[in-house]
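The values are calculated or read from the model by the stated rules, or taken from the named source; none is laboratory data. Fair warning: this is a prediction, and the values are worked out from it, not measured in the lab. Don't worry about glycine lacking a Cβ; one is built from the backbone with ideal geometry, like all the others, and counts go over all protein chains shown.
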Amino acid sequence: MGSIEANGKTYETDEEGYLADLNTWDKDVADVMAKIDDCELTDSHWEVINFLREYYEEYQIAPAVRVLTKAIGKKLGKDKGNSKYLYELFPYGPAKQACKYAGLPKPTGCV
Amino acid sequence: MSDAKKFMYINRKAPYGTIYAWESLEVVLIGAAFEQDVSVTFMDDGVYQLTKGQDTTGIGMKNFSPTYSALGDFEVTKIYVEKESLEERGLSLDDLQHLVWEDEDEDYAEKDSIRLVSRAELADVLAGQDVLFNF
């Protein structure tokens, strides 16, 4: 177990830096998590992060990267529904890294 | 896909009370993420896993029934439900969630995932698989 400080609040995380309780998530902690990875969150990042939170809300799981790519393509357009675009935004792996910033557990099937 | 094996996951137990149903669902999603040819069967008490309107607040377990709707996204489009198992429990297809998948090649047309099969038909389906997992 670890923890992250953001805006004066403490957030519990697991050993890989994912939030222990997704209900504690807010935008501040997402920004701080991104900064730790030397990543600045832009509107394009937020599109994916918000999409993941909605997906989890509906299905109670995080999508695998292949599923994410397809679903983003449907929702945000084919120019964004490809791994090149998503890996440019999230170089550590779109599902893994974006799920972390979204406060979700690590995606099923993700090693 | 030529190297893909045909994996069939058979669910026979009620959704809560044991961990089998949830474990099976996770394994199915993992198998699908590795682009295998995945099918799923619900029979015996396993048909209860797909019922609508599950509420787990009284038992302190996560209600994972919404996750079955994600199977289509994971390209798990062959979901077999045994007709006799439903009938023996006084259930029909109307009591189950309506599971669909979207065909990208047909402008995301929604297609039914659930195939209602008789015990005899199911035996043929199982005989055609490479790998069977029982949960």
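Summary table below
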{"item": "Residue satisfying all of: in segment A:82-111; of a type in the set (Gly, Ala, Ser) and modelled with pLDDT under 90; surrounded by the fewest Cβ atoms within 10 Å (Cβ to Cβ) among these", "result": "A:83"}
{"item": "Subset of segment B:58-100 that is part of a helix (DSSP H, G or I) and hydroxyl-bearing (Ser, Thr, Tyr) - its residue that is farthest from residue B:19 (Cα to Cα)", "result": "B:85"}
{"item": "Restricting segment B:8-37 to residues that are in a strand (DSSP E or B) and of a type outside the set (Ser, Thr, Tyr), the residue that is surrounded by the fewest Cβ atoms within 10 Å (Cβ to Cβ)", "result": "B:37"}
{"item": "Selection within segment B:26-51 - closer than 24 Å to residue B:108 by Cα and at pLDDT 95 or above", "result": "B:39, B:40, B:50"}
{"item": "Helices (runs of 4 or more DSSP H) contained entirely in segment A:21-111, each with at least 2 residues that are touching a Leu at 6+ places or on another chain (Cβ under 9 Å) and of a type outside the set (Val, Ile, Thr)", "result": "A:27-36, A:43-59, A:94-101"}
{"item": "First in segment B:56-78 and at negative phi and at the interface with chain A (Cβ under 8 Å from one of its Cβ atoms), second anywhere and of a type in the set (Val, Ile, Thr) and surrounded by fewer than 19 Cβ atoms within 10 Å (Cβ to Cβ), Cβ under 6 Å, 6 or more apart", "result": "B:63/B:56"}
{"item": "Number of the exception - residue A:50 against (1) under 19 Å from residue B:67 (Cα atoms); (2) surrounded by 18 or more Cβ atoms within 10 Å (Cβ to Cβ); (3) of a type in the set (S, T, N, Q)", "result": "(2)"}
{"item": "Evaluation of residue B:15 against (1) over 30 Å from residue A:65 (Cβ atoms); (2) touching a residue at least 24 places away in the same chain (Cβ under 8 Å) (one fails), failing number", "result": "(1)"}
{"item": "Those residues of segment A:59-80 which are free of Cβ contacts under 8 Å to residues at least 24 places away in the same chain, within 10 Å of chain B (Cβ to nearest Cβ) and not charged (D, E, K, R), in sequence order", "result": "A:59, A:60, A:67, A:71, A:73"}
{"item": "Per-region count, segment B:7-53, residues within 14 Å of another protein chain (Cβ to nearest Cβ) and at positive phi", "result": "1"}
{"item": "Sole residue being closer than 25 Å to residue B:65 by Cα, away from every other protein chain (no Cβ under 14 Å) and surrounded by 12 or more Cβ atoms within 10 Å (Cβ to Cβ), chosen from A:18, A:56", "result": "A:18"}
{"item": "Residue list for segment B:52-106, restricted to those being touching a Gly at 6+ places or on another chain (Cβ under 8 Å) and among the basic types (Lys, Arg)", "result": "none"}
{"item": "Odd one out for residue B:105, checked against (1) at pLDDT below 95; (2) in contact with a Phe, Trp or Tyr (Cβ under 8 Å, 6 or more places away or on another chain); (3) assigned to a helix (DSSP H, G or I); (4) surrounded by fewer than 21 Cβ atoms within 10 Å (Cβ to Cβ)", "result": "(2)"}
{"item": "Condition met for residue A:41 (at pLDDT 90 or above, closer than 26 Å to residue B:30 by Cβ and more than 13 Å from chain B (Cβ to nearest Cβ))", "result": "no"}
{"item": "Count of segment B:108-130 residues which are at pLDDT below 95 and either in a helix (DSSP H, G or I) or of a type in the set (A, V, I, L, M) (or both)", "result": "1"}
